[in-house]
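Below is one structure, written out as structure tokens; comments come after it.
The values are calculated or read from the model by the stated rules, or taken from the named source; none is laboratory data. Predicted model, so just to flag it, every value in this text is computed and none were measured. With ideal geometry, Cβ positions are generated from the backbone for all residues, glycine too; neighbour counts draw on all protein chains shown.
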Amino acid sequence: MQANTDAAKVPLPPGKAPMHPAALKRFPTLRRNSFLYQLQDQIQIHRETEPQRQRQKEVKEIYRILQRVPEAREAHEIDTLYEWVLKNGSTNKIFQGAQEIICKTICREMTLLELPGKGVVCYQGDYGDTFYVIISGSVSLFINAKPKSRLILEEDNNNSRSFSADEEEVKLQPDQIGT
């Protein structure tokens, strides 16, 4: 410790005055290598990464809450979920106009669904009875422009069956039908 203190007190060579910050700007190599410049860079990096750290902390807390069964959640955890959905860009529009009690009821019933990469959330044509909020990751949406044909099975009195698929119809005789 003492050696560092003494090193800081070493006088400048004769005729050399300490550099003023404005003078440092004229000498970029001196400025880039200076302790103050490096410290300023570290502070700037800290400022830039602090929101990311805060976001990660929030996501971990939301994840922890959602791992618990809805019936076991405490009031402050539901409040945390409620605050999160209100400030989250994708959910605040949905929850903003609703009554607080309704939003908190929804927050209490939220469950965590984790899927592997390229896992399917739902298929086109599925009944939409679930609302999803993406906490981390991303979702791709694939829309089949030409949905699969619907097959309709019809039987007549002769035990022949016909399958109609949109405008195309196929008639099968009893010996052609597998059991």
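Descriptive notes on the structure:
- Pair list, Cβ < 7 Å and 6+ apart or interchain, from segment 124-149 residues that are of a type in the set (Phe, Trp, Tyr) to residues that are at pLDDT 80 or above and in a loop (DSSP other than H, G, I, E, B): 132/121
- Of all residues in segment 118-136, none are in contact with a strand residue (DSSP E or B) (Cβ under 6 Å, 6 or more places away or on another chain), aliphatic (A, V, I, L, M), loosely packed, with under 11 Cβ neighbours inside 10 Å and over 18 Å from residue 58 (Cα atoms).
- Within segment 87-110, residues that are under 20 Å from residue 59 (Cα atoms) reach partners that are at pLDDT 90 or above and of a type in the set (Phe, Trp, Tyr) with beta carbons closer than 6 Å, at six or more positions or on different chains, in the pairs 103/82; 104/82; 107/82.
- Within segment 54-63, tally of residues that are exposed (fewer than 14 other Cβ atoms within 10 Å of the Cβ) and either free of Cβ contacts under 8 Å to residues at least 40 places away in the same chain or over 13 Å from residue 134 (Cα atoms) (or both): 5
- Of residues in segment 64-84 being outside any helix (DSSP H, G or I) and exposed (fewer than 13 other Cβ atoms within 10 Å of the Cβ), the one modelled with the highest pLDDT: 74
- Matching option when the condition is at pLDDT below 90 and loosely packed, with under 10 Cβ neighbours inside 10 Å, among 51, 28: 51
- Test: residue in segment 73-91 that is over 16 Å from the mean Cα position of the chain (by Cα), closer than 16 Å to residue 132 by Cβ and among the β-branched types (Val, Ile, Thr): no
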